[in-house]
1. For the condition more than 30 Å from Ala334 (Cα to Cα) and among the small types (Gly, Ala, Ser), what is the one hit in Ala79, Ala90, Ala40, Ala35?
2. Only residues that are part of a loop (DSSP other than H, G, I, E, B), of a type in the set (Ser, Thr, Tyr) and surrounded by 18 or more Cβ atoms within 10 Å (Cβ to Cβ): list them for segment 136-183, please.
3. Please specify each residue of segment 514-570 satisfying the condition of being aliphatic (A, V, I, L, M) and either crowded, with 21+ Cβ neighbours inside 10 Å or closer than 16 Å to Leu421 by Cβ (or both).
4. Tell me which of these Ile31 doesn't satisfy, since it passes every other one: (1) hydrophobic (A, V, I, L, M, F, W, C); (2) within 17 Å of Ser378 (Cα to Cα); (3) part of a loop (DSSP other than H, G, I, E, B).
5. Looking only at segment 484-498, how many residues end up being touching a Gly at 6+ places or on another chain (Cβ under 7 Å) and either assigned to a loop (DSSP other than H, G, I, E, B) or among the aliphatic types (A, V, I, L, M) (or both)?
6. Restricting to segment 347-374, give me the number of residues that are assigned to a loop (DSSP other than H, G, I, E, B) and surrounded by fewer than 22 Cβ atoms within 10 Å (Cβ to Cβ).
Amino acid sequence: METKQFKRVLFGGDYNPEQWPKEVWYRDMQILTKADINEATINVFSWAQLQPSEERYNFSTLDEIINLLTENHFQIILATSTGAVPAWMAKRYPEVERTDFQGRQHRFGGRHNACPNSPIFRMYGRRLASKLAERYGQLENVICWHISNEYGGQCYCDNCAKMFRVWLKRHYSSLDKVNEAWNTHFWGHTFYDWDEIFPPNELGDAIGVDNSTIAGLSIDYRRFMSDSMLQNYVDERDTIREFDSKTPITTNLMGTFKDLDYFKWAKEMDLVSWDNYPAYNTPYSFTAMSHDLMRGLKNGAPFMLMEQTPSQQNWQPFNSLKRPGQMRAMSYQAMAHGADTIQYFQLRQSRGATEKFHGAVISHADTDNTRVFKETASLGKELEALGTETLGGRTPAKVAIIFDWDNYWALEYASGPNVLLKYVDQIHRYYAAFYRQNIAIDMIPTNLSAKQMSKYDLVVAPVLYMVKPGVAEQLTKYVNDGGNFIITFMSGIVDEHDNVYIGGYPGPLRKLMGVWVEEFDALPPEKNYQIKFNDQTTSRCNLICDIIHLEGAETLATYDKGEFYQNTPVITQNNIGAGSAIYVGTQLGDEGLDHLVKDLINRFDWEHYKTPTGIEITRRVNDGQTLYYLVNNTDETATIEWPVSGVDLLSGQEVAEGKIRVAAFDVKIVKKR
């Protein structure tokens, strides 16, 4: 199916005029147009207004909003409004409301408040999407469909229990296979009837949201919940397609959000969109990693930055203002990592309820004479002047990092070895080490073939705790054919059901890595040890220390003094076929990771740039054109070594190779000569 493509950088965001009297709408059009806003995302939470009762629909207000936006030349992203059910539905059909982890069925309120397996919710969600698509699907300025909003959460109700059993029958076919997969003989948890299986909530198997007696059950329930919500998305998508065959369809994702397997979701989405809300102290590298993960969901395709705030959030513990120039820098950071749109939540600030203090283009001051509005308008003018220069660019990367939701869930259900061991933290530590050298990174799933991985010099898989069927074979072929691979401690431990591979860690990766891990020492936070590389460089280490035996690999670093495993291997390399496999048996300090990355740079001669902390250089390539993005994410001026000559598309000025001054929150997009 061929879908319509965006012909400009979309600049806009969530707009809720139905919350305001009509005289405000007309004022908004004047103010937003002044800022070169060219897009509005509408109808995100309007179900109650569109369908005031079970049999009655009323599209008159939405008609007026769409007509007004059309008259003022706005492009429209049209949401389906199914992110929160109307009160009448919850009253008449209580089963549409979710049951929480404690076993309590909720009453009407909040959002994401519908059970994804409620037949009533699914029926009315499809029906609403159908009516919207039939009414508005052929409008030229409806350029994207936005299904629901920020899917997430869990439900543990009877409907979900019934559908979970159906899901299990489809995946396992027999109770014997379920019992085997979940190792239910442990503690005498064997199931003899499908109806004996319930969701893992606080009244049953689970010890806590992230703790479980039968981890295999809890991991499968995570998979089932992700699939259930994905089915809600597919329900509405397919209904829209009955009336609109070309307009792209998406839903807004949330970076490293734990609940949903986004690689699986992306297969059902025409394009990826996501909401970027870093806190005041979120590392710049973590935001960059999140952008790269969203880009990686569809094999490097550009994504939509569906939401960010022009100023401050309202829902974090400390909702600091963005400093002057910071919103612009963050917007261009998103573009540098693959965004083709810059959008906000929200265009006009709400006057009441929970998000009334969430920043907006038009604030409570209700004027265009604010710092935030002036910065937004300035960015709008720049984006308008850019035209199509930045659209469609891809990021050439020679290094990939594996991110996998099954591993995310399984590692954090594991009881032990260290409560401080968190999946995303470990991924970010390695990403940040490459980020400090401005090395381009692709985020990839576990299920790529050796051929698909062959475009990378290096694949890194921190804490690859769960090795699913076929993964070890493809990684081995990738390395044999000339690829290079890194894993860390807590890798190759369990299969897809969370059962340990017997025969020594790292299980099916043991031969590839050329090591055998006998046991691992969990260090409390007050303990740090030291390792020593072969060139005598030292580094701190903590969290986990593997006790490693060589089986063909060579030692790159050993534990230094201080423990019974001193002078034993901690980092190893196994040369196999035309490639190599490196095992890192502890959590390295930043200095150790930097040493490892610098050795890899010397080996592979990757394009990289040394810049002060918080200043990044990236590039995107499209149709032979290369754009280099320079983003200073900090409030400090610096001088850097700039790598290429060209013209800065934002200022129109020539930029020469060599030392250049970079002001606080400065940005350049340099088109290479």
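1. One residue alone meets the criteria, Ala90.
2. As a first pass, look at segment 136-183 and keep what is part of a loop (DSSP other than H, G, I, E, B): 137-141, 147-157, 173-174, 183.
From the residues that got through so far, the ones that are of a type in the set (Ser, Thr, Tyr) too are 148, 151, 156, 173-174.
Residues satisfying the conditions are Ser148, Tyr151, Tyr156.
3. The answer is Val515, Val517, Ala522, Leu523, Ile531, Leu543, Ile544, Ile548, Ala553, Ala557, Val570.
4. (3)
5. 5
6. So the answer is 18.
To keep it simple, each residue is scored yes or no on (1) within 18 Å of Met443 (Cα to Cα); (2) in contact with a Phe, Trp or Tyr (Cβ under 6 Å, 6 or more places away or on another chain); (3) hydroxyl-bearing (Ser, Thr, Tyr); (4) without any contact (Cβ under 8 Å) to a residue 40 or more places away in the chain.
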residue: Arg328; (1), (2), (3), (4): no, no, no, no
residue: Gln349; (1), (2), (3), (4): no, no, no, yes
residue: Ser363; (1), (2), (3), (4): no, no, yes, no
residue: Val372; (1), (2), (3), (4): no, no, no, no
residue: Trp405; (1), (2), (3), (4): yes, no, no, no
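Yes/no per residue for (1) basic (Lys, Arg); (2) surrounded by fewer than 24 Cβ atoms within 10 Å (Cβ to Cβ); (3) farther than 21 Å from Arg429 by Cα:
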| residue | (1), (2), (3) |
| --- | --- |
| Lys267 | yes, yes, yes |
| Pro278 | no, yes, no |
| Gln312 | no, yes, yes |
| Arg323 | yes, yes, yes |
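Any read-out appearing in this document is the output of simple, stated calculations on the displayed coordinates, not a laboratory observation. Keep in mind that what you see is a predicted model, and the values were worked out from it rather than measured. Cβ sites come from the backbone with ideal geometry, for glycine too, and all protein chains shown count toward neighbours.
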